[in-house]
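Structure, as structure tokens:
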Amino acid sequence: MRLAIAALAAMTFTTGAVAQGTAPLFATTKVEGTDNVYIFRYQGHQAMFVVTPAGVIATDPIAYGRPQAAVTYVDEIKKITKAPIKFLIYSHHHYDHAAGGKPFKDAGATVIAHNQAKARLTKLKGKDVVVPDQGVGNKHTIRLGGTVLELHYTGRNHSDSSLVMFLPKEKIIFAVDFNTLGAVPSRLAVNDSYPIEWEASLKKTLALKWDRQIPGHPGPNGRLGTRQDMEQQLAFMTALSDEIKKASDAGKCFSPADAEVKLPQYSTMTGYEQNLPWNLHRWCGYWGRGI
Ligand SMILES: [Zn+2]
């Protein structure tokens, strides 16, 4: 049952071998063109880690409902370096990314997240979720063994606690769940989301000087995200919001807008048919009911 749910969750975000279940359970890969930036994938989730001579900066334990994923993650890091794991940074507070940090904490890592993630996780006391040691605000810079990693809070989007982790030298960001690489956001992606502010957050993220995005779920055929993906997502959300605002003004939210509104110019995006209704529902809630 748990496996079935995990597989389904993966399918909502990913395409290719991972979604089809033909990929190995986990994989660690070095990001092309970098000396020390890695991706650890376990089933349909993935996280970035950076190896420096002075220690490792890890992100998202991705071990919700499968504590062995975090044990494997730490083992994979140890195969690459003997340097200690200094930091574990959560991309946001949702359990499928943040749960399972104990092996990192046991290895001596300081756990960092946005202030809102720390506040929520302190209150929620979720199973197997390590409460962050340190909360950060709008910007925080980590310097370790010659690597600079900037943590940027670009506002509320898919959650109210999403951090963009930016490697300025490598021009890479690790950004999770709020930019979905050519896919219409899924039910889980819009459930806890902030319409309008999400668009502003994408604009602020685009203002950073990055070329490639490591996503929290493998992209199509495992590829990384591009600025074009994020621009497309922003355009999709702007069109969605405009159409729903019109429907709401005409008294059509939730029904019949949830059946009538279509965005044919985005119909080639992955998951359009399946996921559009969740987006209509969320945006109708926002414009029609102030939710
Ligand atoms: Zn999430």
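The values are calculated or read from the model by the stated rules, or taken from the named source; none is laboratory data. The structure presented is a predicted model; accordingly, all values stated were derived computationally and were not measured. All Cβ positions, even for glycine, are placed from backbone atoms using ideal geometry, and neighbour counts span all protein chains on display.
Figures for the structure shown
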item: In segment 185-205, residue nearest to the ligand (Cβ to nearest atom) [restricted to those that are in contact with a His (Cβ under 8 Å, 6 or more places away or on another chain) and among the polar types (S, T, N, Q)]; result: Ser193
item: Residue, farthest from the chain's Cα centre (by Cα), within segment 175-211, restricted to residues that are over 17 Å from Ser91 (Cα atoms) and among the β-branched types (Val, Ile, Thr); result: Ile196
item: Residue list for segment 242-259, restricted to those being surrounded by 15 or more Cβ atoms within 10 Å (Cβ to Cβ) and either modelled with pLDDT of 95 or more or aliphatic (A, V, I, L, M) (or both); result: Glu243, Ile244, Lys245, Ala247, Ser248, Lys252, Cys253, Phe254, Ala257
item: Lone qualifier among Ala107, Ala83, Ala113 - being surrounded by 19 or more Cβ atoms within 10 Å (Cβ to Cβ) and of a type in the set (A, V, I, L, M, F, W, C); result: Ala113
item: Qualifying residue in segment 158-173 (condition: more than 25 Å from Pro67 (Cβ to Cβ) and without any contact (Cβ under 8 Å) to a residue 24 or more places away in the chain); result: yes
item: Only listed residue being over 21 Å from Leu151 (Cα atoms), within 16 Å of the ligand (Cβ to nearest atom) and among the hydrophobic types (A, V, I, L, M, F, W, C), chosen from Ala113, Ala63; result: Ala63
item: Any hit, segment 212-221, residues being modelled with pLDDT under 95, more than 13 Å from the chain's Cα centre (by Cα) and at positive phi; result: yes
item: Filter pass, Gly145 being surrounded by 17 or more Cβ atoms within 10 Å (Cβ to Cβ), small (Gly, Ala, Ser) and closer than 20 Å to Ile39 by Cβ; result: no
item: The one condition in (1) of a type outside the set (Lys, Arg); (2) modelled with pLDDT under 95; (3) surrounded by fewer than 18 Cβ atoms within 10 Å (Cβ to Cβ) that Ala239 fails to fulfil; result: (2)
item: Filter result for the condition that a residue is touching a residue at least 12 places away in the same chain (Cβ under 8 Å), over 22 Å from Glu150 (Cβ atoms) and not in a helix (DSSP H, G or I), over Lys209, Lys245, Lys262; result: Lys262
item: Residues of segment 133-167 satisfying the condition of being more than 16 Å from the ligand (Cβ to nearest atom) and in a loop (DSSP other than H, G, I, E, B); result: Asp133, Gly137, Asn138, Gly145, Gly146
item: Filter pass, Thr180 being modelled with pLDDT under 95, among the polar types (S, T, N, Q) and either within 16 Å of the ligand (Cβ to nearest atom) or assigned to a loop (DSSP other than H, G, I, E, B) (or both); result: yes
item: Positions within segment 119-131 being buried (at least 19 other Cβ atoms within 10 Å of the Cβ) and within 16 Å of the ligand (Cβ to nearest atom), in sequence order; result: Arg120, Leu121, Val129
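Here's the yes/no breakdown for (1) away from the ligand (no atom under 15 Å from the Cβ); (2) out of contact with any strand residue (DSSP E or B) (no Cβ under 8 Å at 6 or more places or on another chain):
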residue: His45; (1), (2): no, yes
residue: Met48; (1), (2): yes, no
residue: Ile57; (1), (2): yes, no
residue: Pro67; (1), (2): yes, yes
residue: Lys86; (1), (2): yes, no
residue: Asp96; (1), (2): no, no
